[in-house]
Amino acid sequence: MFIFKEINKIPNIKHGFFSRNSGLSKGIYKSLNCGLGSKDNKGKILKNRKIALKKLGLEKKKIIIPYQTHSNIVKIVDENMVNKRILADGILTKSNKISLGILTADCAPVFFIDVKKKIICAIHAGWKGAKNNIIKNGVKLMLEYGSKLNNIISCIGPCIGKDSYLVKVDFFKQFISENKTNEKFFKIIQKNKFMKFNLASYINFKIKEIGIKKNFYKNFDTYKDEKNFFSYRRSKDKKEMDCGRCISILSLI
C-alpha cells in the first residue's frame, strides 16, 4: 500500500493506494484483486476488499465503489447508497459512515479532499475521462456542495507510466485539436505513427488548470511494475484472458 504523507497529516482522513499483494486470489489475479468486473472468484474478491479496509482500520465501514465506464460523471453518495449500482467514474461524500473506493489497472485513481469542510471525492481517470473533464466535474461538484477551492488538495495514485503508454498518431491528434499545448504530454517514438503519453502529468495539468495549488503525485508505472500492480495493457500484451484490479480507498473518520 502507498500513502502520501502530506495527505496522511490531515485530521480525520484515511487513504491508501493498494498494490496487488497480500490478498487471496490465485493465478493471473494474484493476489489482492478487488475488481468484481473480472472473472475471478467473487467470494475472494469481496474478502480482498475487506482485507484492504482492515489494513486502513476501516473494517467497520461499508465501501462504495462506482460502476466505472470511463465516463466524466461524478455523483454524490452516502450510507443509504451502499450496495446500489452507481454508474459513475467519480464519487463524492461528506459522510464519515462510508469509505470511497476506486478500481484501476493502468488508469489513475485521483483523490480530492476539502481540509476545512471535510468533503472528499474519489475519481477514476483514464485518458478519456481526463480529456472529457472528469477532474473539472468532480471539483465543480465539491464547490456546489460547499467546498472552497483554496481548501481543496489532491493526489494522483499509481497509473501507467510515461515510458509505457504507447499510442497511435490519431490518439495524439485528439489532444492537439483540444489544445496545442497538450503536445508536451507526448514523446514521439516513430514520426506520424507512434507516441508515448504521460497520463499522470496530463491529469496534474488538469488539476492545476482548475486552480488547485496542492497536488501530489509520484512517478509510478503500473505496466512495468508487474510485482506490485495489475495492468490492463500488460495483460493484453501477454495475451492473458483477463486482468485484476487494484483498489484505492479514501475515507473520512
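Throughout, read-outs are computed from the coordinates displayed, never taken from laboratory work. Not measured: the values here are computed from a predicted model. We place every Cβ from the backbone using ideal geometry, glycine too, and count neighbours over all the protein chains shown.
Observations, loosely collected:
- Matching entry among Leu166, Leu141, Leu149 (being within 30 Å of Lys30 (Cα to Cα) and aliphatic (A, V, I, L, M)): Leu166
- Single condition Lys5 does not satisfy, out of (1) basic (Lys, Arg); (2) touching a strand residue (DSSP E or B) at 6+ places or on another chain (Cβ under 6 Å); (3) within 26 Å of Lys214 (Cβ to Cβ): (2)
- Of the strands (runs of 3 or more DSSP E) lying entirely inside the stretch 153-253, the ones with 1 or more residues being of a type in the set (S, T, N, Q) are found at 186-190, 214-217, 246-252.
- One residue stands out in the stretch 136-177 among those that are among the small types (Gly, Ala, Ser) and more than 22 Å from the chain's Cα centre (by Cα): the one that is surrounded by the most Cβ atoms within 10 Å (Cβ to Cβ), namely Gly146.
- Just one residue in the set Lys44, Lys50, Lys54 is part of a helix (DSSP H, G or I), free of Cβ contacts under 8 Å to residues at least 60 places away in the same chain and touching a Lys or Arg at 6+ places or on another chain (Cβ under 9 Å); that residue is Lys44.
- Hey, Ile153 touching a strand residue (DSSP E or B) at 6+ places or on another chain (Cβ under 9 Å) and without any contact (Cβ under 8 Å) to a residue 40 or more places away in the chain or not: no
- Of all the listed residues (Lys84, Lys136, Lys75, Lys117), the sole one being part of a helix (DSSP H, G or I) and charged (D, E, K, R) is Lys136.
- The stretch 233-253, subset under 14 Å from the mean Cα position of the chain (by Cα) and of a type outside the set (A, V, I, L, M), residue farthest from Asn33 (Cα to Cα): Ser248
- Taking the stretch 72-103 as the range and being under 21 Å from Ser38 (Cα atoms) and over 13 Å from the mean Cα position of the chain (by Cα) as the test, the residues that pass are Val82, Asn83, Lys84, Arg85, Ile86, Leu87.
- In the stretch 78-86 there is no residue that is out of contact with any Leu (no Cβ under 6 Å at 6 or more places or on another chain) and surrounded by 21 or more Cβ atoms within 10 Å (Cβ to Cβ).
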